[in-house]
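Encoded as structure tokens, the structure appears first; notes follow it.
Bear in mind that the values in this text are calculations on the coordinates, not laboratory data. Computed from a prediction, not measured in an experiment: that's the story for all the values here. Cβ atoms come from the backbone with ideal geometry, glycine included; neighbour counts cover every protein chain shown.
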Amino acid sequence: MGNGKKILVVDDEQQLALAVKIRLQSVGYQVVTANDGQQGLELIEREQPDLVILDVLMPNMDGYSCLREINAKFGRSKIPVIILTARDRMKDLFELEGIEDYVIKPFDHEDLLVRIDRVLKKRAK
């Protein structure tokens, strides 16, 4: 499934980020993690991930600010982003910013894998 694609998981909930990392690695993805949006931006430049999974509520730089920075620095369509959040009310706002998908916590890991696979396949076309 993963085909060695690199995914950056940006979430301040370290247990959640670790669980997602382990699950993604188990199906062949390379995974790097960041604890906040600022660290996520730094890792995007250094690691050049194929996809970013981005939490919304984080310290230092929240997910919305991080998404806007990603779009400004790398181009809106360059790096696909899946938003991971406990709040579904911001969906329309994130869609305007060009997210690929939106996952509400708590979530099923298999559902997340399906969404990641769908986004990466769409981008490969």
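Mind checking the log10 I(q)/I(0) for the chain at q = 0.11, 0.14 Å⁻¹? Debye, one equal scatterer per Cα, no solvent, two decimals.
Computed log10 I(q)/I(0) values: -0.30, -0.51.
For the stretch 1-29 and the stretch 47-75, what is the separation of their C-alpha centers, rounded to whole Å?
When both Cα centres are located, 16 Å separates them.
Which of Ile7, Ala124, Ile104 sits closest to the plus end of the dipole of the chain, meaning its Cα is farthest towards the positive end, when Lys and Arg get +1 and Asp and Glu get -1 on the C-beta?
Ala124
Let me check against my output: what whole-number percent is the relative contact order of the stretch 6-124, with C-alpha pairs under 8 Å and at least 6 apart?
Dividing the mean separation by the residue count of the stretch 6-124 yields 22 percent.
Place a +1 charge on the Cβ of each Lys and Arg in the stretch 6-124 and a -1 charge on the Cβ of each Asp and Glu, then give the dipole magnitude about the Cα centre in debye, rounded to the nearest 20.
400
Considering Cα pairs under 8 angstrom that are at least six residues apart, work out the relative contact order of the stretch 1-58 and quote it in whole percent.
Once normalised by length, the contact order is 48 percent.
Please order Met58, Met1 by the number of other Cβ within 10 Å, starting at the fewest.
Exposure proxy ranking, most exposed first: Met1, Met58.
In which sequence would Val103, Val114, Val9, Val31 go, from the one with the fewest C-beta neighbours within 10 Å to the one with the most?
Val114, Val103, Val31, Val9
Provide Lys122, Lys5 in ascending order of the number of other Cβ atoms located within 10 Å of each residue's Cβ, fewest first.
Lys122, Lys5
Helix-only estimate, please: 222 nm mean residue ellipticity of the chain, summing -39500 (n - 2.57) across DSSP H runs of length 4 or more and dividing by its residues, to the nearest 500.
Helix-only estimate at 222 nm: -14500 deg cm²/dmol.
Apply 1/(1 + (r/R0)^6) to the Cβ-Cβ distance of Glu45 and Ala124, taking R0 = 22 Å, and write down the FRET efficiency to the nearest 0.05.
The calculated FRET efficiency here is 0.45.
Considering only Gln15, Gln38, Gln48, give the residue with the highest GNM mean-square fluctuation for the chain, with springs between Cα atoms whenever their separation is below 10 Å.
Comparing Gln15, Gln38, Gln48 in the GNM, the peak value goes to Gln15.
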